[in-house]
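The values are calculated or read from the model by the stated rules, or taken from the named source; none is laboratory data. Predicted, not measured: the structure shown is a model, and the values here were computed from it. Positions of Cβ are generated from backbone atoms using ideal geometry, with glycine treated the same way; all protein chains shown enter the neighbour counts. SASA here: full protein model, heavy atoms, side chains in, ligands and nucleic acids out. Shrake-Rupley method; radii C 1.70, N 1.55, O 1.52, S 1.80 Å.
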Amino acid sequence: MRDLPALRMRGALLGVVGALPIVLVPHWATVLVCALVWVALLVLDLLLTPSPKTLLVRRRSPGQVRLGEEGTGRLLVTNPGDRGVDVRLRDAWNPTAGLRVQRAALAIPAQERRAVDQLFRPTRRGRHTSRALVLAVRGRLGLVERRATRDAPGELLALHAFGSRRHLPSRTRRLREIEGLAAVHQRGQGTEFDSLRDFVDGDDVRSIDWRATARRRSVVVRTWRPERDRHVLIVVDTSRTSAGRVGDAPRLDSALDATLLLTALAAQAGDRVDVLCADRVPHVQVHGGNARTVLHDVVAATAPVEPALVETDWEMVASEIRRRARRGALVVLLTPIEPGAAGQGLLPVASRIAADHPLIVGSVADPALAGMARERGSIGAVYRAASAEQESIEREGTERALERCGAHVVDVVPDDLPQAVADQYLALKAAGRL
C-alpha cells in the first residue's frame with residue numbers, strides 16, 4: 001500500500017495562472033520566482049494533507065444475491081485523526097457484479113465515521129470479488145491529493161436465477177396424483193407400508209392385518225405404496241461443449257436450471273438427491289442428506305461452477321456413478337448431445353449405466369438450427385440449410401443410439417429442458433420404475 005501524491009485540476013490551473021507574469025515580464029528571474037511560489041504552495045498543501053493510510057476501512061458485503069435481484073452492501077470509513085478529511089473513494093468490483101455506483105465522495109470529521117451504501121445487481125452467475133479500495137484525500141488548499149490503495153477484500157456470490165421455479169407447483173400436484181394412484185394392495189419388492197383400510201371383495205387375504213382386525217372386530221387389510229427415499233444422482237457435464245451459447249446463455253445454465261427443478265421436485269417426493277458436476281475431474285459434489293436444505297445446498301454449490309475447456313472423461317464419470325449410486329437409483333446425465341463426443345465416450349458408458357440404473361439424458365437443442373434449415377434465399381443460405389439438416393440428422397441418430405442403450409433422451413430447447421426432465425422423472429414414477 002503506497003501513498004502517492006497527485007496534482008489536482010486546481011493545482012494545474014494555478015500553474016497556468018502563475019505563468020502570466022512570465023508573459024508580461026519575460027525574464028529568467030520571473031520564471032524562477034513563479035516556479036518557486038507554485039512549488040511552495042503545492043508542497044505546503046501536500047504537508048497539510050492527511051495520509052489516506054490513516055483511515056480505517058471496513059466492508060460489509062451482501063454475501064449472496066440471486067440473479068435478477070438486488071443486494072445491499074456498505075463501506076464504513078473511519079477518520080481517527082484530529083482533523084477532518086475530504087476523501088474520494090473508488091471500489092474496484094468487476095463490472096458483472098453490478099455495483100450501481102463505484103465512486104463516492106465523503107467529508108469525514110475528526111474521530112468520526114461515515115458509511116457508503118452500495119447496491120448490487122449482478123449480471124453473471126458466480127463469484128464476484130473486489131480486492132482493493134482506492135482512497136484519495138484532498139489537500140486543504142485543494143491543489144494536490146494523496147492517494148493510496150487499501151486492501152479491503154469483498155466477495156459476492158451471484159446465485160442461479162432458477163427461472164424454472166414457476167413450474168414446480170404444477171409438477172408437485174402431478175407428483176401427488178401419481179403417489180395417490182400408485183398405492184398397491186399387495187406387498188412386493190420395492191413397496192412399503194402405507195395405511196390400513198377395511199377389507200373389500202377382491203383383496204388378497206395375505207394383506208389382512210390380524211392384530212388390527214382383532215382390535216376393531218372387523219377385517220382390516222394393509223395397503224402398500226412404492227418405496228420412498230429413492231436415490232437420484234444428477235450429473236452435470238461442465239466440459240467445453242457446455243460452454244456453447246444457445247440464445248443468450250451457455251448450455252450449462254440451462255442444465256443447472258434443470259438440476260434445481262429436479263432437485264426441488266425429488267425432495268418433495270421424499271427422494272434423496274445427490275449432484276455431481278464433472279468434466280475430467282469432479283468439481284462440485286452435493287450429498288442431499290436433508291430434504292429441507294438440499295435445494296439451498298445445490299444452489300450455493302453450483303453458483304460458482306463454470307465450463308472448462310476440456311473433454312469429459314466419461315470413464316471417470318461412470319466410476320463415480322458406480323461408487324455413489326446403488327443399483328436401481330435414477331441417474332440423470334445433463335450433457336450436450338454432440339455426435340462426435342457422444343460416439344467417442346458417452347454411448348459405451350451410457351449402455352453400462354442403463355444396465356444398472358434408470359437413465360435420463362438431458363440435452364439442450366439449438367432452436368436456430370430449424371430456422372437455418374428453412375433458408376433458401378441465396379447460395380450461402382442453401383449451404384447453411386444443408387449443414388443444419390446434416391447436424392439435425394446426426395443428433396437424431398445419436399438420440400436413437402442412446403435410446404437403444406436404454407436411456408430416456410430429452411433433447412429440447414433451453415427454456416423447455418427443466419420441465420421436460422421433470423416430466424420424464426414423473427413418468428418413471430408413474431410407471432413404477434422409481
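Miscellaneous remarks
- The residues in segment 190-231 that are touching an Asp or Glu at 6+ places or on another chain (Cβ under 9 Å), part of a loop (DSSP other than H, G, I, E, B) and modelled with pLDDT under 80 can be counted, and the count is 4.
- Restricting attention to segment 87-118, the residues that are open to solvent by less than 60 Å² (accessible area, probe 1.4 Å) and either over 27 Å from the mean Cα position of the chain (by Cα) or aliphatic (A, V, I, L, M) (or both) total 12.
- Test for L47: is it among the aliphatic types (A, V, I, L, M), closer than 16 Å to G139 by Cβ and either surrounded by 13 or more Cβ atoms within 10 Å (Cβ to Cβ) or free of Cβ contacts under 8 Å to residues at least 12 places away in the same chain (or both): yes
- Search result, residues across segment 52-85 that are touching a Phe, Trp or Tyr at 6+ places or on another chain (Cβ under 8 Å), in a strand (DSSP E or B) and open to solvent by 30 Å² or more (accessible area, probe 1.4 Å): R66, T72
- Of all residues making up segment 20-30, the number that are surrounded by 14 or more Cβ atoms within 10 Å (Cβ to Cβ) and either modelled with pLDDT of 75 or more or not hydrophobic (A, V, I, L, M, F, W, C) (or both): 2
- Within segment 133-151, the residues that satisfy the criterion of being buried (at least 18 other Cβ atoms within 10 Å of the Cβ) and either among the aromatic types (F, W, Y) or in contact with an Asp or Glu (Cβ under 8 Å, 6 or more places away or on another chain) (or both) are L133, A136, V137, R138, G139, L143, V144, R146, A148.
- Selection status of D411, crowded, with 18+ Cβ neighbours inside 10 Å, among the charged types (D, E, K, R) and over 23 Å from L330 (Cα atoms): no
- Residue count, segment 404-434 (criterion: part of a strand (DSSP E or B) and over 24 Å from the mean Cα position of the chain (by Cα)): 3
- Within this structure, L4 fails the test of being under 27 Å from T149 (Cα atoms), at pLDDT 75 or above and out of contact with any Gly (no Cβ under 6 Å at 6 or more places or on another chain).
- Here E375 clears all of (1) open to solvent by less than 70 Å² (accessible area, probe 1.4 Å); (2) part of a helix (DSSP H, G or I); (3) over 23 Å from V235 (Cβ atoms) except the condition numbered (2).
- Per the listing E394, E399, the residue uniquely of a type in the set (D, E, K, R), closer than 29 Å to S164 by Cβ, at pLDDT below 85 and in a helix (DSSP H, G or I) is E394.
- Exclusive hit being in a loop (DSSP other than H, G, I, E, B) and over 30 Å from E306 (Cβ atoms), set A110, A136, A105: A110
- Among the candidates E396, E389, E403, the residue that is more than 16 Å from G244 (Cβ to Cβ), charged (D, E, K, R), touching a strand residue (DSSP E or B) at 6+ places or on another chain (Cβ under 6 Å) and surrounded by fewer than 18 Cβ atoms within 10 Å (Cβ to Cβ) is uniquely E403.
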